[in-house]
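Asker: This is the structure I want to talk about, given as structure tokens.
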């Protein structure tokens, strides 16, 4: 009969535990050696992606606020509004002085109101029931913040600010000589960086001219 010693069992268990510990340590070292550390290429790729994303944000985000800023493209709209408003204010009307003032013939200006507007003649404007106060500044009259000029000149004039029409006007209130058909909130001949022009064809005392609105 064979008797197994408890000491032999303990020795066998210790040897097995040691083998398992060595195996676990070897696996751990193998796992660590299989994971690659960060290289310069990884850093360069990450930095490149970040810079591309930053460039996109810098280029794209400002355009989000364009609809909420006063862009320069608004100037033509303002110029056209002032030109249309001038035709309405100076247009010969069958109902002068009324709230529903409207020109009888498009582009045909009232001689009296035209003189009152450009000569800032409040007395004439009152007598002829013109629908505006000529003593008001243009920016107040048209509710604008910037500078503008209203000029009537010859059809083929290439420099209207420097050469407005100077005419004699016959009205029911009398004759007015050498009326300069130009009015501005500032010196219209002064050099400016950006000027927007809007124009209309008008008639004063049966003669055609061009109405030009300058906004800057």
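The values are calculated or read from the model by the stated rules, or taken from the named source; none is laboratory data. What you are looking at is a predicted structure, and each value in this text was computed from that prediction instead of being measured. Heads up, the Cβs are rebuilt from the backbone with ideal geometry, glycines too, and the neighbour counts pull from every protein chain shown.
Asker: Quick check on the range 155-163. Is at least one of its residues surrounded by 19 or more Cβ atoms within 10 Å (Cβ to Cβ) and part of a loop (DSSP other than H, G, I, E, B)? Write out each step before concluding.
Answerer: Going through the range 155-163, the residues surrounded by 19 or more Cβ atoms within 10 Å (Cβ to Cβ) turn out to be 160-161.
Imposing the further condition that a residue be part of a loop (DSSP other than H, G, I, E, B) reduces the set to 160-161.
Checked the range 155-163: at least one residue is surrounded by 19 or more Cβ atoms within 10 Å (Cβ to Cβ) and part of a loop (DSSP other than H, G, I, E, B).
Table: residues versus (1) within 34 Å of the chain's Cα centre (by Cα); (2) outside the structural domain of residue 84 (by TED's automatic domain parsing); (3) modelled with pLDDT of 90 or more.
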residue: 115; (1), (2), (3): no, no, yes
residue: 119; (1), (2), (3): yes, no, yes
residue: 128; (1), (2), (3): no, no, no
residue: 138; (1), (2), (3): yes, no, yes
residue: 150; (1), (2), (3): yes, no, yes
residue: 175; (1), (2), (3): no, no, yes
residue: 180; (1), (2), (3): yes, no, yes
residue: 207; (1), (2), (3): no, no, yes
residue: 211; (1), (2), (3): yes, no, yes
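Asker: Give the residue that is surrounded by the fewest Cβ atoms within 10 Å (Cβ to Cβ), with candidates limited to residues of the range 167-185 that are out of contact with any strand residue (DSSP E or B) (no Cβ under 8 Å at 6 or more places or on another chain) and assigned to a loop (DSSP other than H, G, I, E, B).
Answerer: Top of the filtered list is 172.
Asker: Hey, can you tell me all the residues within the range 79-113 that are within 33 Å of the chain's Cα centre (by Cα), assigned to a loop (DSSP other than H, G, I, E, B) and modelled with pLDDT of 75 or more?
Answerer: 106, 107
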